[in-house]
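Here the structure comes first, spelled out in structure tokens, and everything after it is commentary.
The values are calculated or read from the model by the stated rules, or taken from the named source; none is laboratory data. Model, not experiment: these values are computed from the prediction. So basically every Cβ, Gly included, is an ideal-geometry build from the backbone, and we count neighbours across all protein chains shown. Side chains are part of the model used for accessible areas, which takes the heavy atoms of the whole protein and leaves out ligands, DNA and RNA. Shrake-Rupley method; radii C 1.70, N 1.55, O 1.52, S 1.80 Å.
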Amino acid sequence: DSADAIALRREAIGVLGYLKHAPALPALAGLAASDPVDEVRRAAVGALAFAAGDADARIALETALRDASWQVREEAATALGKLQQPAATAALLVALDDDYWQVRLRAARSLGRLRSAESVTPLLATLGHSISNLRKEAALALGDIGDAGALPALELAADDPDPEVRKSARLAIAQIGKAAHGA
């Protein structure tokens, strides 16, 4: 494939996803799983994010979390959060241990979107990660989940050396406080 052909395929896939063209979902899932071009697989994965409520799309995205390309895995972690299907939690928890921090970051963000109580303990562990971007995303995700049990760890994170982590921890603490007071 030439660069132009790849770009054209990528754009067509994006349009099919954006249009939520249901008959295209099986073909998009097939491209996400087996196209030889990383960019095309990544585009197909991104297009599947528009298939809210579709269990087959979720399964295809969970499979994409094991792709050889970290960029495809990163896109899959993001797309799973957009689907808003709690059944994706287990696969996203596995993605929190991906070799690439970018995939772990997107998994943390998506776990926050899913607001899964079972994500709290792994996200608390991520608050101690050496990469500050991961600590920041873990704090934000814990705020989205709203579990008051995370407050002691978030209060510690409010003193993190990184200002973005401190800010995220304070936001999460406020978010949990509002949820506790029914605001």
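Kindly provide the helix-only [θ] at 222 nm of the chain, computed as the sum of -39,500 (n - 2.57) over DSSP H runs of four or more divided by all residues, to the nearest 500 deg cm²/dmol? Mean residue ellipticity, 222 nm, calculated: -21500 deg cm²/dmol.
A simple packing score, the average count of other Cβ atoms within 10 Å per residue, orders the peptides 103-113, 49-59 as 103-113, 49-59, with the highest score first.
Note that the chain presents 49 Å² accessible area per residue, ligands and nucleic acids not counted, probe 1.4 Å. Normalised by residue number, the volume inside the convex hull of the Cα atoms of the chain is 117 Å³ per residue.
Using a 1.4 Å probe over the heavy atoms of the protein chains, calculate the carbon and sulfur portion of the accessible area of the chain as a whole percent. Roughly 56 percent of what the probe reaches on the chain is carbon or sulfur. Within the assembled protein chains, the solvent-accessible surface assigned to Asp97 is about 130 Å², based on a 1.4 Å probe. The GNM of the chain, with springs linking C-alpha atoms under 10 angstrom apart, assigns the highest mean-square fluctuation among Ala33, Ala24, Ala150 to Ala24.
Available extension along the chain between Ser34 and Leu19 is 3.2 nm, counting 0.36 nm per residue and deducting the alpha carbon span. Taking every Cα-Cα distance in segment 1-108 and sorting them into 10 Å bins from zero, the calculated P(r) comes out as 18, 51, 27, 4 percent. Select from Gly149, Gly81, Gly17 the residue whose mean-square fluctuation is largest in a Gaussian network model of the chain (Cα-Cα springs shorter than 10 Å). The residue with the greatest mean-square fluctuation here is Gly149.
For a straight C-alpha distance cut-off of 29 angstrom, the lysines reachable from Lys167 (same-chain residues fewer than eight places away being disregarded) are Lys82, Lys136, Lys178.
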